[in-house]
Amino acid sequence: MEVGLDWTTVLIAALAYLSALFAIAHWADRREAAGHSVIASPTVFALSLGVYCTTWTFYGSVGRAATLGIGFLPVYLGPTLLMLLAPLVLRKILRIAKAQRITSIADFLASRYGHSPLLGGLVALTATVGVTPYIALQLKAVAVSFDALTGGGGLGPAEGPFLDHGFLIAAVMALFAIVFGARQIDAAEHHPGMVAAIALESLVKLIAFLAVGLFVVWGLHDGLESLFDAAAARPDLARLMGSDPALGHAPTGNGPVGNGPWGAWVTTTILSAAAMLCLPRQFQVMVIESVDERHLDRAVWLFPLYLLLINLFVLPVALSGLLSFGGRVDPDLFMVALPLSGGADWLALLAFLGGLSAAAGMIVVESVALSTMLCNDLVMPILLRTRSRALARSADLAPLLLAVRRIAIVAILLFGYGYFRLAGSAYALVSIGLISFTAVAQFAPALIGGLYWRGATRRGAIGGVTAGTLVWAYTLLLPSFARSGWLPASFIADGPWGVAALRPYALFGLEGWDSLAHSLFWTALANIGAYVGLSLFDRPGAAERAQAAAFVDVFQPAPNDAAPLREAPPDWRSAASVGDLTRVVARFLGPQRAERAFAGAEPDEPAGPERLRLAERLLAGAIGGASARVALASSVSAGAVEAAELLRMLDETSDVIAHSRELERKTAELERATDALRAANERLTELDRLKDDFLSTVTHELRTPLTSIRALSEILHDSPDLDTDQRQEFLAVIIKESERLTRLINQVLDMAKIEAGALDWRIETIDVGPALTEAVAATEALFLERGITLSLDIPDHLPAVRGDVDRVIQVVVNLLSNAAKFTPPGGRTRLETRLESGFLRVTVTDSGPGVAAKDRELVFDRFRQSGDTLTGKPAGTGLGLAIAKRIVEHLGGRIGVADAPAGPGPESGKGAAFWFTLPLAGNPADAPEFGERRE
Amino acid sequence: MNAPDRNPGRSPGRHRDRMIGLFLLAAALFNPPLLGLFGVEGRVLGVPALYVWVFGLWAAVIALAALAGRTR
């Protein structure tokens, strides 16, 4: 590259651009303060997610495409897949983060697993170690592209007085991060200025990439077709247009699954999806900075669309660069080198600014996220434990917090810069992107598991992250050092101390795998294995279980937070006072916020669980969940209660909430049981009432004949001179009434026997004809007496049925006397039989008032009196039909009542037809023959 | 508290299920067996067929994701 821009021009442009970002961020902060948020937009949210695309995308994708063809894409397909799951996973994370006032991914994991400071610290440390080299990569990319643009040479950092652009960039980024990411301690941890700047940067790098792509395709070549034609003419380039470099041929049957490029493709997809969720900067913009979870709805498609657009021209640019430069220029620099060689200096500058945007966005957000994490989950817990006395004397700790964060930002960037200087163009830096992804992917099992698995425990999470990280360091980090020459090369080839089984790229002899796929397999095995295994054999405490429930059940309606806590155990009263809490909160969040939180309470008043929890939540928003608890404990310990005691109380408070949830569930169950009981009780009451009615009916029925017997007997006794005719008449009445009494008592006894199952049954094959005749004979007098015509339709040869003769007679007698009772004098009653399939049907039709449809079931009830509803006076015990029903059913038949069929005669339109069936004995095939003969 | 979920216009459960289905479809389409199968040689309007295929699929998935959020 002979041409180049003046370095001062480039530097001024870069500084002007960065100043513009400062201005935008400042403006957004001002608007936010004025109540007109610019980041409360789903589009801005989706664009801010574009911080995923770093210089690794902007410059590195072209480089990857130059060797892998389409193989650069899985890094963007993974996040696309994850966004499709956003309604399931991300929504839940967002809801939890809001409810728990989460400040970082370390805080999220620590809070989920019982506010564990150890886990939080571990995650913060792992993230820092894993991601800082990634920051170094950004610094390098900016420095190298600056050199390429100014003609300083495109291969690696050259030496020279102004060459330390890396340091300059790091310094400006640190300033930006401090000004917009760590300016104040905010309970919500929102940075509107930073988010606005990130969204703008996303736009700039997209426009820059598209502009370069369009220029390359239509400026340097005559459109896509001619570009691809030219590339197809070169066999080495034609390869890149097919699937071979990225996917290889379909694996032959004998190779392992992870073998070859297939493994790399799948691994990269999984890793990038995990990174989209677990990278500190992604968690920051996606979860912590999110102002409204509904913004996800648009991000679900807008962010993948962004990824698609920024990757649209990657392959054309790579092919064009390879065509133009051959091997003379590092493919990572094609984005700048191609416009430059085409004479479009302004476009090269735009490309450089696009790359600068990508780097700046990543560095700023990542350092802010990491510094928050380091401050809240590593430094503060340690300070609060070791220096609690000194801290207790300080009235306002906000400056200390800010100082810790700012120092952390500077330290992270210095660390990144140092790594960049030290590693230079070594392998360790080039491949650090995916190595970083693998590091943060170690959080994924604990993160996802913690959302859905209530039984996942703190020990499991710590064990999983530790095991995964150690395996990651052994299978990826150390080998990358070895390839950079910091460790002997034999470490990779022969394993440490020559132990072949421990070779980091072929652990335990697992050979032939892509190194990433190999590492992903072993880290996932160690991580998930330890996580699940330890969780299964762990017994978490009440507080940890409560936190687990709060995360897993976040979408279930929360119990009223305050209500179950009113009844505090007595030892609360001796605990912290409102004054204590106000002091603690004021020290971290400032006195105004503290005054507002505890307004209306006397300082001497005991704090109580509600206020203690409020303080914990407020503090958690500022310094993370784990630190918040320690801070509360350490500050109040100077007073009446011990720190341990206070922690225990906090645990109990969350326990109480879990219990009240449980209690609500049990209450609901109890209510259902109560309802069932009430229904049963109502039924019993009804039965009881029916029984009372029955008793009074029976007594009444018994008393009527008794009264007439007694009256007539007294007359006979007192009047010895009564004439004979009179005497005979009275005696006849007495006898008749006694018979009626006997019949009644027999019925009651029968019923009682049937109910008790004490009746003797003699079920045999019987001939129904004689039984019917007998029953008719027994009731004939009744009909004669009332002047009712009884007609019979009984064939001579009825088939035999199964039954008990006496009981069948009893049923027919009951039905006939029932008909006699209800048929008005002069009416008609008819007894007939008919054959049905396998049954003999006996019907008694009367011309009485009939039975209303609604009463048809009831007339067979034991205690029902059909007479009283129909005629107003009881006409029987109400037992006849009930007894008949029980007998018929015992014999295997059915009984019922229907309207009498219309027939001749004025009153035949009304009336009831009581019927019952009896099972035929023997072969029912005889039945039709008989039926026809009968008709 | 759960106000966003109670949006009467559309059912969150249905939307969620559709997105899960789309995820499964995309996960199958974007990965080797199918990708290798359809990533044939040849050119479409001068552009390599594999390239057209991947970006076309990707665009279709994005369009479906956008539609899934809108239609009932």
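One residue stands out among those in the range A:204-228 that are out of contact with any Gly (no Cβ under 8 Å at 6 or more places or on another chain) and more than 23 Å from A:Asp332 (Cβ to Cβ): the one that is farthest from the other protein chains (Cβ to nearest Cβ), which is A:Trp218.
Out of everything in the range A:495-522 that is small (Gly, Ala, Ser) and not in a helix (DSSP H, G or I), what residue ends up being surrounded by the fewest Cβ atoms within 10 Å (Cβ to Cβ)?
A:Gly512
Among the conditions (1) modelled with pLDDT under 85; (2) more than 9 Å from every other protein chain (Cβ to nearest Cβ), B:Leu57 misses just one, which is (1). Looking across A:Ile492, A:Ile528, one residue alone is aliphatic (A, V, I, L, M), buried (at least 17 other Cβ atoms within 10 Å of the Cβ) and free of Cβ contacts under 8 Å to residues at least 24 places away in the same chain. It is A:Ile492.
Answer yes or no as to whether A:Arg807 is buried (at least 16 other Cβ atoms within 10 Å of the Cβ) and within 30 Å of A:His700 (Cα to Cα). Judged against the criteria, A:Arg807 is a match. Taking the range A:1-73 as the region of interest, the helices (runs of 4 or more DSSP H) fully inside it that hold 1 or more residues being over 19 Å from A:Leu210 (Cα atoms) are A:7-33, A:42-48, A:60-68. Of all the criteria given as (1) modelled with pLDDT of 80 or more; (2) assigned to a helix (DSSP H, G or I), the one not satisfied by A:Glu932 is (1).
Being within 23 Å of the chain's Cα centre (by Cα), in a helix (DSSP H, G or I) and under 19 Å from A:Thr54 (Cα atoms): is that true of A:Thr132 here? Against the criterion (within 23 Å of the chain's Cα centre (by Cα), in a helix (DSSP H, G or I) and under 19 Å from A:Thr54 (Cα atoms)), A:Thr132 does not qualify.
Against the condition of a type in the set (S, T, N, Q), assigned by TED's automatic domain parsing to the domain that holds A:Ile887, touching a Ser or Thr at 6+ places or on another chain (Cβ under 8 Å) and within 25 Å of A:Phe694 (Cβ to Cβ), how does A:Ser791 come out, does it pass? So A:Ser791 does not fit the description; no. Based on what the data block shows, is A:Ser116 hydroxyl-bearing (Ser, Thr, Tyr), more than 30 Å from A:Ala548 (Cα to Cα) and in the same structural domain as A:Pro235 (by TED's automatic domain parsing)? So A:Ser116 does not fit the description; no. Scanning the range A:74-109 for residues that are small (Gly, Ala, Ser) and either part of a helix (DSSP H, G or I) or away from every other protein chain (no Cβ under 14 Å) (or both) yields A:Gly78, A:Ala97, A:Ala99, A:Ser104, A:Ala106. For the range A:319-369, give me each residue that is among the aromatic types (Phe, Trp, Tyr) and without any contact (Cβ under 8 Å) to a residue 24 or more places away in the chain. Residues satisfying the conditions are A:Phe325, A:Trp346. Applying the criterion of being assigned to a helix (DSSP H, G or I) and modelled with pLDDT under 85 to the residues of the range A:887-914, the residue that is farthest from A:Ile754 (Cα to Cα) is A:Pro906.
Just one of (1) exposed (fewer than 11 other Cβ atoms within 10 Å of the Cβ); (2) at pLDDT 70 or above; (3) among the small types (Gly, Ala, Ser) fails for A:Ala644. It is (2). Would you call A:Ser535 at negative phi, hydroxyl-bearing (Ser, Thr, Tyr) and either in contact with a Gly (Cβ under 9 Å, 6 or more places away or on another chain) or surrounded by fewer than 17 Cβ atoms within 10 Å (Cβ to Cβ) (or both)? Judged against the criteria, A:Ser535 is a match. Within the range A:278-314, the set of residues being out of contact with any Phe, Trp or Tyr (no Cβ under 7 Å at 6 or more places or on another chain) and away from chain B (no Cβ under 13 Å) comprises A:Leu279, A:Pro280, A:Arg281, A:Phe283, A:Gln284, A:Val285, A:Met286, A:Val287, A:Ile288, A:Glu289.
Give the residue that is surrounded by the fewest Cβ atoms within 10 Å (Cβ to Cβ), with candidates limited to residues of the range A:375-399 that are part of a helix (DSSP H, G or I) and over 40 Å from the mean Cα position of the chain (by Cα). Taking the candidates together, the pick is A:Arg393.
Against the criterion of being under 30 Å from A:Leu237 (Cβ atoms), more than 13 Å from chain B (Cβ to nearest Cβ) and of a type outside the set (S, T, N, Q), A:Leu319 does not qualify.
Would you say A:Pro42 is of a type outside the set (A, V, I, L, M, F, W, C), out of contact with any Gly (no Cβ under 9 Å at 6 or more places or on another chain), within 14 Å of chain B (Cβ to nearest Cβ) and closer than 23 Å to A:Gly242 by Cα?
Working: of a type outside the set (A, V, I, L, M, F, W, C): yes; out of contact with any Gly (no Cβ under 9 Å at 6 or more places or on another chain): yes; within 14 Å of chain B (Cβ to nearest Cβ): yes; closer than 23 Å to A:Gly242 by Cα: no.
It is false that A:Pro42 is of a type outside the set (A, V, I, L, M, F, W, C), out of contact with any Gly (no Cβ under 9 Å at 6 or more places or on another chain), within 14 Å of chain B (Cβ to nearest Cβ) and closer than 23 Å to A:Gly242 by Cα.
Just for helices (runs of 4 or more DSSP H) wholly inside the range A:216-324: which have at least 1 residues that are within 42 Å of the chain's Cα centre (by Cα) and either closer than 30 Å to A:Ile105 by Cβ or modelled with pLDDT under 85 (or both)?
Output list reads A:244-247, A:260-278, A:280-283, A:296-311.
Only residues that are more than 9 Å from every other protein chain (Cβ to nearest Cβ) and either modelled with pLDDT under 75 or surrounded by 15 or more Cβ atoms within 10 Å (Cβ to Cβ) (or both) were counted in the range B:26-37, giving 1.
The values are calculated or read from the model by the stated rules, or taken from the named source; none is laboratory data. It should be emphasised that the depicted structure is a prediction, and the values quoted were computed from it without experimental measurement. Positions of Cβ are backbone-derived with ideal geometry, glycine not excepted, and every protein chain shown enters the neighbour counts.
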